[in-house]
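The values are calculated or read from the model by the stated rules, or taken from the named source; none is laboratory data. Since we're looking at a predicted model, the values are computed, not measured. Here Cβ is always computed from backbone atoms with ideal geometry, including for glycine, and neighbour counts include all displayed protein chains.
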Amino acid sequence: MVLKSAFPRVIGLIDTQSASDMIGAVPEQTETRRASRYDAVIATLVGLCALCVSAYTAYVQRQQVRAAVWPILEFDSSNAPDIHFTLANKGVGPAIIRHVIVRVDGQPVRNWREALERILGPGEHLGSESDMRGHVFAAGESRTVFTPHDPENNPLNFDKSNPLWVKMNKERFRVMVEICYCSTLDECWTLRAGGSIPSTTTETRRYPSPSATSFQQ
């Protein structure tokens, strides 16, 4: 007679991994995750540095381009060899004249004939002129924008014995200009010059539209 055990046979695999081995694996996984975080942070910092360098390089290049096309206008009057008014571009880039205002005693005039009437009084006054509005001054270009003439239509050459020369030489400082000009990058400035005060140039975001006070020449 064969006796059978009352307990079922248990067949399985025996886990030979010790508890100490299992506990020791946890720090290794933690160190791996920590290293991955460090790598991600370093990669992010490198990316930010590269972005900053790229932005700074673009800024420097932009400034170099600006410097390469920067116009600087100067307005002046002189009595040698004759009385005349000049406008010159002392910068390194073209100056595009967008808007001009000419004033005599602070009041705008529309043309040089009206300016001479304010200075010399009513009557027929002669002179030669060159347009400013809309003109593009090349780098280094200087232009005589107005030269008053005598009744014989000759320039007012230096002559202290000529009453017209004496008066015009004294009163030319009553003329002031306000000229808005732009570079080829469409960056604009406003020049205020003339009279006996130092000229100033200020950067402006946009140039004014033509109006009743705009100079027509």
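Quick one: in segment 181-217, of everything that is aliphatic (A, V, I, L, M), within 24 Å of TRP112 (Cβ to Cβ) and assigned by TED's automatic domain parsing to the domain that holds SER77, which residue is surrounded by the fewest Cβ atoms within 10 Å (Cβ to Cβ)?
Here is the first cut: in segment 181-217, the residues aliphatic (A, V, I, L, M) are 185, 191, 193, 197, 212.
Keeping just the survivors that are within 24 Å of TRP112 (Cβ to Cβ) gives 191, 193, 197, 212.
This time we only want the ones that are assigned by TED's automatic domain parsing to the domain that holds SER77, so: 191, 193, 197.
Values: LEU191: 22, ALA193: 20, ILE197: 10.
The selected residue is ILE197.
Filter segment 94-119 down to residues that are among the charged types (D, E, K, R) and not in a strand (DSSP E or B) and give me whichever is nearest to CYS180 (Cα to Cα).
From segment 94-119, those among the charged types (D, E, K, R) are 98, 103, 105, 110, 113-114, 117-118; that's our starting set.
Filter once more, so that each one left must be not in a strand (DSSP E or B): 105, 110, 113-114, 117-118.
Working: ASP105: 20, ARG110: 16, ARG113: 22, GLU114: 21, GLU117: 25, ARG118: 24 Å.
Selected residue: ARG110.
Residues are listed down the side, and each one gets a yes or a no for (1) over 22 Å from ASP186 (Cβ atoms); (2) modelled with pLDDT of 60 or more; (3) surrounded by 10 or more Cβ atoms within 10 Å (Cβ to Cβ):
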position	(1), (2), (3)
PRO8	yes, no, no
GLN17	yes, no, no
ALA25	yes, no, yes
ILE42	yes, yes, yes
LEU45	yes, yes, yes
TYR59	no, yes, yes
TRP70	no, yes, yes
PRO94	no, yes, yes
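Quick one: how many residues across segment 120-142 are out of contact with any helix residue (DSSP H, G or I) (no Cβ under 8 Å at 6 or more places or on another chain), in a strand (DSSP E or B) and surrounded by 15 or more Cβ atoms within 10 Å (Cβ to Cβ)?
1
Looking at segment 109-137, I want the residues that are free of Cβ contacts under 8 Å to residues at least 24 places away in the same chain and have a partner that is of a type in the set (Gly, Ala, Ser) and not in a helix (DSSP H, G or I) with Cβ atoms under 9 Å, at least 6 apart or on another chain. Which pairs are those?
ARG113/GLY127; GLU117/GLY123
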